[in-house]
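Engineer: Before I ask anything, here is the structure I am working with.
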Amino acid sequence: MSGHATYQPQSGFMKWMERRLPIGSLIHSSFVAYPTPRNLNYLWTFGGILSMMLAVQIITGIVLTMHYTPHVDLAFKSVEGIMRDVNYGWLMRYLHANGAAMFFFAVYIHIFRGLYYGSYKEPREVLWILGVIIFLLMMATGFMGYVLVWGQMSFWAATVITNLFSAIPGVGEAIVTWLWGGYAVGNPTLNRFYSLHFLLPFAIAGVVILHIWALHVAGQNNPAGIEPKSDKDTVPFTPYATVKDGFFMVCFLLLYCWFVFYMPNFLGHADNYIPANPAVTPAHIVPEWYYLPFYAILRAIPDKLMGVVAMGASIVVLAFVPWLDTSKVKSARYRPLFKQFFWLFVAVCIGLGWLGAKPAEGIYVILSQIFTVYYFAFFLVIMPLLGIFEKTKPLPNSISESVLDAKA
Amino acid sequence: MTTGSSAEHTRRDFLYIATGAVAAVGGAAVMVPLISQMNPDASTIAAGAPIEIDLAPIADGQIIKVFWRSMPIFISHRTKAEIEAARNVNLATLKDPQPDSARVKEGHEQWLVVIGICTHLGCIPLAHQGEYNGWFCPCHGSAYDTSGRIRVGPAPTNLPLPPYTFVSDTRIRIG
């Protein structure tokens with residue numbers, strides 16, 4: 001891809017640096033002169049928003065570790081101490097807890113954006129798979145962070161999720177004991193979750209760097225789903241993308257702050273303000289909202305092992321999407337049938353999320369099963385077949401043509 | 001660097017392979033302590049010593065919960081009706097077929113001792129609930145009968161039995 005300008009160090013210091021560590025030209029070529037397709041819409045600002053949320057979670061998280069005690073007798077108390085005694089502790093904790101929810105909200109929009117515009121297709125397969133890895137790491141991190149609060153929901157979430165591994169034939173029980181460091185979830189479990197919850201965000205940051213690297217090699221996809229052909233199809237990252245990203249980050253922060261300051265416990269569960277009690281399981285245990293669709297898939301299948309396998313497969317299948325989708329056309333804008341199946345898929349995912357919060361009985365189980373079938377059929381049947389049978393609309397000759405035609 | 005044709009094996013080839021093999025074995029050996037440290041430590045294992053329970057205060061039809069190895073153990077003093085219900089079951093209809101006699105000690109049929117952890121995903125089932133009047137797990141809806149056997153729901157197996165013996169007619173030792 002051709003750039004818009006090349007970096008010329010201005011100051012004497014930057015000239016001196018350039019010959020020793022060319023960080024100035026790296027930043028310039030990645031975030032200033034980097035050519036972005038001129039037709040990007042606001043859905044393309046979520047990468048920036050996600051980077052911001054990762055930074056927010058790491059900063060608030062480091063602050064929380066300064067006041068938190070990872071011990072079964074003290075963890076819950078120390079969290080309450082953060083809420084009541086630590087200066088601005090309530091703010092740090094609410095930012096961190098709601099930040100996790102916002103992080104997942106943004107990542108789901110980011111994933112659906114990728115699915116809609118075919119951002120996983122050649123040459124962006126590795127970029128997409130790195131994204132799936134980040135998503136898996138996020139799920140592990142979010143789960144372990146939730147356990148640290150050591151309330152009733154924390155404890156039983158830890159019990160249920162670690163017990164998923166007991167479904168593995170033969171070695172399942174041994175693996176679960178190994179994960180716990182005991183014969184039940186206990187102090188060793190809390191300690192190792194604390195350690196890993198601290199570590200994994202930095203692992204995520206590492207994979208994010210690879211993700212951005214792969215993005216900058218392949219270049220961004222765009223709403224038209226065709227590659228830029230000339231300088232007329234692109235604009236420099238700064239100021240165009242920087243300002244657009246910045247504007248939407250502020251909009252996103254408004255939503256985030258609305259939750260933090262006006263309804264900080266709306267997304268949580270009251271039961272988690274009861275200290276963990278290994279003797280009593282709460283009557284209704286449900287995971288945080290961002291895991292509900294996968295939880296619904298787990299419960300839709302009346303067999304323990306197959307339920308766990310289906311839940312795992314529902315995430316792993318994403319990694320194979322670049323090869324499951326056989327269509328040459330990237331953007332759903334030019335795929336009339338795919339567009340309909342896509343929106344049905346979005347509705348099914350939201351429906352699974354709703355079902356995940358309902359009791360596992362009667363009509364809810366049947367609906368979960370129907371939705372689970374569609375979830376997998378979308379990837380395993382619809383995607384491969386549409387590439388063969390769908391009659392796509394003609395693609396524009398270039399990005400600039402698609403933009404200028406829309407204007408005319 | 002040229003390796004030439006691999007038809008000829010030299011002393012250098014042997015040294016490469018031998019060095020690589022030692023490095024691989026060494027790397028694998030390092031994994032042993034790194035993985036093993038996560039298993040239950042000595043104090044956790046020691047805390048799993050056997051416990052003795054006095055059954056005399058448990059009334060007819062009562063179920064108590066005690067902890068052994070951080071696991072809840074249900075001790076059910078079954079009524080005549082509950083024992084009858086547990087015996088009069090067509091074993092072919094069970095998901096994990098086991099006669100009631102295999103789940104209690106002979107001569108102590110009124111005492112059922114099971115590990116109170118749902119075999120699905122580890123929640124603690126509620127006593128005297130569910131359509132089989134045994135236990136009901138609120139998490140994913142598994143129901144157990146008065147013998148602790150899985151009857152409906154996603155749990156794959158019956159509630160497991162802990163190792164225990166009768167020290168006297170009214171005392172058991174778990175572990």
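Engineer: Per 10 Å bin, what is the whole-percent P(r) computed from every C-alpha pair distance within the stretch A:291-391?
Structural biologist: Answer for the stretch A:291-391: a P(r) of 16, 45, 28, 11, 0 percent.
Engineer: About the Cα centre of chain B, how large is the charge dipole given +1 on each Lys and Arg Cβ and -1 on each Asp and Glu Cβ? Please answer in debye to the nearest 20. The partial results should precede the final answer.
Structural biologist: Numbers: 14 positive and 15 negative charges, 44 e Å.
Roughly 220 debye, rounded to the nearest 20.
Engineer: Return the Rg/Rh ratio of chain A with Cα-based radii and a Kirkwood Rh.
Structural biologist: Values: Rg = 23.4 Å, Rh = 23.4 Å.
Here the Rg-to-Rh quotient is 1.00.
Engineer: Here's a follow-up. Among all the lysines, which ones have a C-alpha under 16 Å from A:Lys304's C-alpha, if same-chain residues fewer than 8 places away are not counted?
Structural biologist: B:Lys95
Engineer: Given a 10 angstrom Cα cut-off, can you work out which residue in A:Val63, A:Val132, A:Val329 is the most mobile in a GNM of chain A?
Structural biologist: Per the Cα network of chain A with a 10 Å cutoff, A:Val63 tops the list.
Engineer: Now for a different question. Along the charge dipole of the protein assembly as shown, Cβ charges K/R +1 and D/E -1, which of B:Leu126, A:Tyr94, A:Ile133 sits furthest on the positive end?
Structural biologist: A:Ile133
Engineer: Now for a separate question. Using alpha carbons only, how many degrees (0 to 90, rounded to 10) separate the axis of helix B:11-36 from the longest principal axis of chain B?
Structural biologist: Computed tilt is about 20 degrees.
Engineer: Using modelled backbone amide H atoms (1.01 Å from N, in-plane), which distant-in-sequence or interchain residues come within less than 5 Å of B:Val152's amide H?
Structural biologist: Counting only residues 5 or more places away or on other chains, the set is B:Ala143.
Engineer: With a ≥ b ≥ c the root eigenvalues of the C-alpha gyration tensor of the stretch A:206-256, is it rounded (a/c under 1.5), prolate (a/b larger than b/c) or oblate?
Structural biologist: Working: a/c = 2.18, a/b = 1.34, b/c = 1.63.
It comes out oblate by the Cα gyration axes.
Engineer: Any idea what the dipole of the protein assembly as shown comes to, in debye rounded to 20, about its Cα centre with Lys/Arg Cβ at +1 and Asp/Glu Cβ at -1? Write out the running numbers ahead of the final one.
Structural biologist: On the way: 39 positive and 34 negative charges, 297 e Å.
Rounded to the nearest 20 debye, it is 1420 debye.
Engineer: Continuing with this model, one more query. Could you give me the percent of Cα pairs per 10 Å distance bin for the stretch A:66-172, shortest bin first, beginning at zero and ending with the bin that holds the maximum distance?
Structural biologist: Whole-percent P(r) values from 0 Å outward: 12, 31, 28, 21, 8, 0.
Engineer: Another question about this same structure. Under 20 Å from a point placed 7 Å out from the Cα of B:Ser168 along the Cα-to-Cβ direction: which residues of the stretch B:79-121 have their backbone N that close?
Structural biologist: Flagged as within label range: B:105-112.
Engineer: For the stretch A:64-122 and the stretch B:35-83, what is the centre-to-centre distance using only Cα atoms, to the nearest Å?
Structural biologist: Taking the Cα centre of the stretch B:35-83 as reference, the centre of the stretch A:64-122 is 37 Å away.
Engineer: Right, another one. Can you pull out the chymotrypsin sites (Phe, Trp or Tyr not before Pro) in the stretch A:79-150 whose DSSP state is coil and whose Cβ has at most 12 other Cβ atoms within 10 Å? Provide the component values of the computation, followed by the final result.
Structural biologist: Values: sites: A:Tyr88, A:Trp90, A:Tyr94, A:Phe103, A:Phe104, A:Phe105, A:Tyr108, A:Phe112, A:Tyr116, A:Tyr117, A:Tyr120, A:Trp128, A:Phe135, A:Phe143, A:Tyr146, A:Trp150; in loops: A:Tyr88, A:Tyr117, A:Tyr120, A:Trp150.
Listed in order of number, the matching sites are A:Tyr88.
Engineer: Within 10 Å of each residue's Cβ, count the other Cβ atoms and sort A:Arg113, A:Arg20, A:Arg38 from fewest upward.
Structural biologist: Working: A:Arg113 19, A:Arg20 7, A:Arg38 16.
The order, fewest Cβ neighbours first, is A:Arg20, A:Arg38, A:Arg113.
Engineer: Next question, about the same structure. Answer rounded, prolate or oblate for the stretch B:45-174, using the Cα gyration tensor with square roots of eigenvalues a ≥ b ≥ c: rounded when a/c is under 1.5, else prolate when a/b is larger than b/c, else oblate.
Structural biologist: oblate
Engineer: Right, next: Along the charge dipole of the protein assembly as shown, Cβ charges K/R +1 and D/E -1, which of A:Leu386, A:Pro287, A:Pro22 sits furthest on the positive end?
Structural biologist: The listed residue farthest towards the positive side: A:Pro22.
Engineer: With +1 on the Cβ of every Lys and Arg and -1 on the Cβ of every Asp and Glu, and nothing else charged, how large is the dipole of the stretch A:291-391 about its Cα centre, in debye rounded to the nearest 20?
Structural biologist: That gives a dipole near 380 debye.
Engineer: Give me the base-10 log of I(q)/I(0) for the stretch A:223-292 at each q in 0.23, 0.28 Å⁻¹, Debye formula, one uniform scatterer per Cα, rounded to two decimals.
Structural biologist: -1.09, -1.23
Engineer: Could you line up B:Leu112, A:Leu179 from fewest to most neighbouring Cβ atoms inside 10 Å? Before the final figure, lay out each step's value.
Structural biologist: On the way: B:Leu112 25, A:Leu179 21.
Ordered from fewest to most neighbouring Cβ atoms within 10 Å, B:Leu112, A:Leu179 come out as A:Leu179, B:Leu112.
Engineer: Which one, A:Phe338, A:Val243, A:Leu318, is farthest towards the positive end of the dipole of the stretch A:227-346 when Lys and Arg carry +1 and Asp and Glu -1 on their Cβ?
Structural biologist: Going by the charge dipole, the pick is A:Phe338.
Engineer: Need the C-alpha centroid separation for the stretch A:156-174 versus the stretch A:258-290, integer Å.
Structural biologist: Spelled out, the Cα-based centre of one part sits 22 Å from the other.
No lab work stands behind these numbers, since they all come straight from the coordinates. Values in this document were obtained by computation on a predicted structure and should not be read as measured data. We place every Cβ from the backbone using ideal geometry, glycine too, and count neighbours over all the protein chains shown.
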